[in-house]
1. With each run of n ≥ 4 DSSP H residues scored as -39500 (n - 2.57), what mean residue ellipticity at 222 nm is computed for the chain after dividing by its residue count and rounding to the nearest 500 deg cm²/dmol?
2. In the chain, if every C-alpha pair distance is counted and binned at 10 Å from zero, what percent goes to each bin?
3. Only loop residues by DSSP count here, and only those with at most 13 other Cβ atoms within 10 Å; note down the chymotrypsin sites (Phe, Trp or Tyr not before Pro) in region 100-154 that meet that.
4. Give me the one-decimal Kirkwood hydrodynamic radius in Å for region 6-79, with the sum taken over alpha-carbon pairs.
5. Add +1 for every Lys or Arg and -1 for every Asp or Glu among the other residues with Cβ under 11 Å from the Cβ of M226, and state the total.
6. For the residue pair L158 and H19, what label-to-label distance in nm results when each label sits 7 Å from Cα along the Cα-to-beta-carbon direction?
7. Which of the GluC sites (Glu not before Pro) across region 1-63 are loop residues per DSSP, with 11 or fewer other Cβ within 10 Å?
8. First select every other residue whose beta carbon is under 13 angstrom from the beta carbon of A15; then total the charges, Lys and Arg +1, Asp and Glu -1.
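Values quoted throughout were computed directly from the atomic coordinates according to the rules given, and no laboratory measurement underlies them. All figures in this text were calculated on a predicted structure; none of them were measured in a lab. Cβ placement follows ideal geometry from the backbone for every residue including glycine, while neighbour counts extend to all protein chains displayed.
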Amino acid sequence: MNNKWFTISPVAECALMLHFDDAISEQQIGFYAGAIGQHLQVAVMNVVPAYHTILVEYLPFRLDEVSIILAIETLLNEMADKKVATSSQHHVIPVLYSEETALDLPRFVEKGVHLEHLISLHTAPCYSVSAIGFTPGFAFLSDVDDRISLPRLSSPRLQVPKGSVAIADNKTAIYPSATPGGWNIIGRTPLEVYQPNNIPITPFNIGDTVAFKAISEKEFLNLGGML
């Protein structure tokens with residue numbers, strides 16, 4: 001279904017991809033994604049915003065494809081003239097980088113990057129939230145220094161500790177909960193970045209910026225972290 005500023009296309013049996021005009025800001029994308037999840041929660045399982053796109057996964061026994069497309073189109077057109085806050089937030093995330101928390105440190109050492117150098121390279125940039133998805137609260141942050149870019153593990157872990165800070169290719173992220181995962185673990189934050197009983201459930205939005213700050217084990221434990 002085509003509109004002047006967005007299109008909706010089926011990409012799987014129970015999934016739709018919304019593509020937005022380049023003039024639509026990251027903040028607007030996040031605003032629309034939140035509205036879809038809220039207003040169509042009876043049929044929507046997951047909403048994943050990214051730059052200029054939103055992936056919507058839905059329950060076909062609640063709304064069929066034609067009905068969900070019509071509902072999304074109607075909702076977005078109703079919201080087209082609503083003002084969206086354009087201010088982004090900056091987050092500083094404390095991280096314990098250590099041999100105990102950096103589970104994949106040996107992979108970085110193999111390419112000549114030891115712990116202190118890894119800390120320096122990972123904490124230097126100011127990252128941008130480029131997408132939210134994978135699991136609730138999982139924010140993709142772009143881009144890491146090329147010297148610490150590593151592909152995903154060939155065999156994912158059955159469980160990654162909650163709060164783990166990780167790298168995959170040119171992205172970095174925080175695991176908001178203990179889940180299976182194949183990213184390279186380099187540290188752990190004591191902060192709760194996924195709180196399902198709060199609104200919003202995560203502090204991150206598309207377009208926000210994130211910086212990482214190295215802390216000691218004592219600081220990590222004082223902030224509620226667990227080893």
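1. Values: 5 runs with 50 residues, N = 227.
Rounded to the nearest 500, it is -6500 deg cm²/dmol.
2. All Cα pairs considered, the percentages come to 8, 31, 31, 20, 9, 1.
3. On the way: sites: F108, Y127, F134, F138, F140; in loops: F134, F138.
Here no loop site has a sparse enough neighbourhood.
4. 12.0
5. Details: positive: K162, R188; negative: none.
That works out to +2.
6. According to this spin-label approximation, the distance is 4.2 nm.
7. Here the sparse-neighbourhood loop sites are E13.
8. -3
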